[in-house]
Amino acid sequence: MAPKKVLKVGLDSAAPFPMHSDYNSERFEGFEVDLLAAITADLDYEIEYEVSLWQNILEKLFKGELDIICSAVTVTPSRRHILEFSDPYLHFRLCAVIPADSSLNSVDDFRNKTIGVRIATEAEKHVHTKFPANNMVHAETNKELYRKLQAGKIDMLIDDSPIAGGFLQNNPKLKIGMFMPDTDSHYAIAMKKGDVELTKQFNAALSRLKDNGVYTEIHDKWFSKVEF
């Protein structure tokens, strides 16, 4: 029997749970972990993960040292110029996370607030564009960002709604204050520009998983209590 083809997969070391946890933790798990396992089983691939900072895994993908990135990658028009994307597998919005005893009624309430964002994310771009006058505090990882909010070093943070939901499940002192207007987005698997054949294979597998109910099972396992 021929050996399975190895698929080299890039993971962000700043683990965006519940998409995936820290690869080096006792339990490596998450929505993307289960989904990718189902896709690669369908396609008869073996997974080999490589963990690094987002900028590093992106560079490795460009060089062909990785086959895909499956790590909460937001599909954007600018990224489509430099990457191939699978069909989307999760819809989400950006949201503002605040202390549980605070409130937000509209974006007008952002005035004079200190906003936290993770470096090199779409949330960071959004805050730069929509709230250029606000004081911004940057963090390298999701955990650091939420710690800053809990410690009162920032008034709020902007994050992807599934990741915010993951953090808030175990943190009653924080809540989603509001979803950001006009920020509907999708996650998809990123591949090297021009890798059209692999993209077609993944899209076909993803379609089969949606048809046979496996995708719904995985989705409900991780997001039954999370609002997007």
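Read-outs: derived from the displayed coordinates by stated rules, not from any lab. The structure presented is a predicted model; accordingly, all values stated were derived computationally and were not measured. Cβ atoms come from the backbone with ideal geometry, glycine included; neighbour counts cover every protein chain shown.
Structure notes:
- Considering helices alone, the calculated mean residue ellipticity of the chain at 222 nm is -10000 deg cm²/dmol, with DSSP H runs of length four and up weighted by -39500 (n - 2.57) and normalised per residue.
- Sequence ranges 183-190, 13-20, 195-202, ranked by mean other-Cβ count within 10 angstrom, highest first: 13-20, 183-190, 195-202
- For segment 94-179, averaging the sequence separation of C-alpha pairs within contact (under 8 Å, six or more residues apart) and dividing by the residue count gives a relative contact order of 52 percent.
- Cα-based shape type of segment 94-179, given that a ≥ b ≥ c are square roots of the gyration tensor eigenvalues and the cut on a/c is 1.5: rounded
- Segment 94-179 - share of DSSP beta bridges that are antiparallel (%, nearest 5): 55
- Cross-link table 148/173; 113/173; 63/130; 113/175; 130/153, entries beyond 23 Å C-alpha to C-alpha: 63/130
- Pairwise centroid distance, computed over Cα atoms, of segment 83-133 with segment 13-62, Å: 24
- The tail of the calculated P(r) for the chain beyond 30 Å holds 25 percent of all Cα-Cα pairs.
- Counting DSSP beta bridges with both ends in the chain, the antiparallel % (nearest 5): 50
- Taking all Cα pairs closer than 8 Å and separated by 6 or more residues, the relative contact order of the chain comes to 29 percent.
- Segment 6-13 - phi-based ³J(HN,Hα) in whole Hz, Karplus 6.51/-1.76/1.60, Gly and Pro as x: 8, 9, 8, 10, x, 10, 6, 5
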